[in-house]
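Input: a single structure, listed below in structure tokens.
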Amino acid sequence: MIPSVLPTYSRLPLSFVSGEGSWLVEADGRRFLDMGAGIAVNALGHAAPELVAALTAQAAKLWHVSNLYTIPEQQQLADKLVELTFADTVFFTNSGTEAAELAIKMARKYHDEAGAPRAQIVALQGAFHGRSTGAIAMAGGDKMVKGFGPLMPGFVHVPFGEDEALLAAVTEDTAAVIVEPIQGEGGIRAIPDATLKALRARCDKVGALLIFDEVQCGMGRTGRLFAHEHAGVTPDIMMSAKGIGGGFPLGAVLATEEAAQGMKAGTHGSTYGGNPLGCAVGLKVTGIVSDPAFLAEVNRKAGLLRQSLEGLVASHPAIFETVRGTGLMIGLKCRVAPADLVAAAQAEGLLTVPAADNVVRLLPALNIPDEDIAEAVARLDRAACALAQKPAESA
């Protein structure tokens, strides 16, 4: 019989009942060090006091009124994001997938409004933009699209890393290009700064919009508020989610006034998007994470973690190949199956996240204490030792 919860997930046999900081407590009392942070969502860890206070205060006042009315918390968060970024305007969603859908609509509507409709959107293979029909069509991977056709048309997919082919694919017929500055699900694969700059120039030349998907790599994850800041390149449209709500469902699409010119009353909407609860929490997260002192600490912690992981890789050449990533968005490229490392780490009370390209992701809370970083590396070391002994045990 089918379970009461639709079986679309391959869940680990763990049921967490509480959390604090970088630690989770299982129903049986076991404690786990969480280096996944809900897949880069819990930016300030579990049960962060500042976020609990913000949510509790708002919950005592007002939960929901709908976007029929002005929502003060939504306005405050939009103003803050406009102040901190390239954007002139913001639309709030509940998730990154919803942000992807609006990004598609906004890009196509822009050209229609200009009187020269374009539909084609150029995207990268190995990307992940969500699981709606539009988002999977945009990513295009066989694993995600098989059985769900017919898919939304109008997408061109270019292999990751083939920069000349990417630039050549952007023509006068292109409505927009969408890339993750650092692919998350794709295996912590960063697009070089020079490529992002060339892509910006190419889009400008042919009149296409540039969309950055910063759902996973944004909100301080790389040591800057948004990853594209490292390259000194700004998009026309940007998707945000995951860390922006610190664990509360929240997403956003940020855009320039020019790119958003087609989005007028009635062209898009959301019942829950930008609700008082989500925006109250998002405002608190954004205020904390955007602080230069906080970001400086993210970079310091990232350096500490990276240095320790480089030593780990050197100590276990049969298990690990290399360390990749930026800030606290780290990938361990493995010589063993990522699932094996995830399982071995779990046995040591450590939670990690698998990805494509034989990578295991480490996406800890941005405020993870130094001692928890050291403990995580020690547990990874024990996990690697356990994996190294497996062939001898089976011989």
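Which one of Glu214, Glu229 is without any contact (Cβ under 8 Å) to a residue 24 or more places away in the chain, in the same structural domain as Val158 (by TED's automatic domain parsing) and within 21 Å of Gly282 (Cβ to Cβ)?
Only one candidate qualifies: Glu229.
Looking at Ala365, Ala343, which is the one that is within 30 Å of Ile71 (Cβ to Cβ) and not assigned by TED's automatic domain parsing to the domain that holds Gly223?
Ala365
Take the range 271-320 and flag every residue that is acidic (Asp, Glu) and within 17 Å of Ala227 (Cα to Cα).
Listed by number, the residues that qualify are Asp291, Glu297.
Which ones in the range 227-237 are buried (at least 24 other Cβ atoms within 10 Å of the Cβ), among the hydrophobic types (A, V, I, L, M, F, W, C) and under 17 Å from Ala190 (Cα atoms)?
Correct list: Ala227 only.
For Asn367, only one of the following conditions fails: (1) over 26 Å from Ala296 (Cα atoms); (2) touching a residue at least 40 places away in the same chain (Cβ under 8 Å). What is its number?
(1)
When Ser22 is evaluated against the numbered criteria (1) surrounded by fewer than 15 Cβ atoms within 10 Å (Cβ to Cβ); (2) in contact with a helix residue (DSSP H, G or I) (Cβ under 8 Å, 6 or more places away or on another chain); (3) of a type in the set (Gly, Ala, Ser), which criterion, by number, is the only one it fails?
(1)
Identify the residue in the range 261-307 that is among the basic types (Lys, Arg) and part of a helix (DSSP H, G or I) and, among all such residues, is nearest to Glu101 (Cα to Cα).
Restricting to residues being among the basic types (Lys, Arg) and part of a helix (DSSP H, G or I), the top hit is Lys284.
Scanning for something in a helix (DSSP H, G or I), surrounded by 17 or more Cβ atoms within 10 Å (Cβ to Cβ), in contact (Cβ under 8 Å) with a residue 60 or more places away in the chain and at negative phi, does the range 192-207 turn up at least one residue?
no
Which strands (runs of 3 or more DSSP E) does the range 318-386 wholly contain that include 3 or more residues that are of a type in the set (Val, Ile, Thr) and farther than 24 Å from Val25 by Cα?
320-326
Might you check whether a residue that is in contact (Cβ under 8 Å) with a residue 40 or more places away in the chain, surrounded by fewer than 16 Cβ atoms within 10 Å (Cβ to Cβ) and either closer than 22 Å to Ala388 by Cβ or hydrophobic (A, V, I, L, M, F, W, C) (or both) occurs anywhere in the range 314-329?
Yes, some residue in the range 314-329 is in contact (Cβ under 8 Å) with a residue 40 or more places away in the chain, surrounded by fewer than 16 Cβ atoms within 10 Å (Cβ to Cβ) and either closer than 22 Å to Ala388 by Cβ or hydrophobic (A, V, I, L, M, F, W, C) (or both).
The values are calculated or read from the model by the stated rules, or taken from the named source; none is laboratory data. A quick note: this is a predicted structure, and the numbers were derived from the prediction, not measured. Neighbour counts are summed over all protein chains in view; Cβ atoms, including those assigned to glycine, are modelled from backbone coordinates with ideal geometry.
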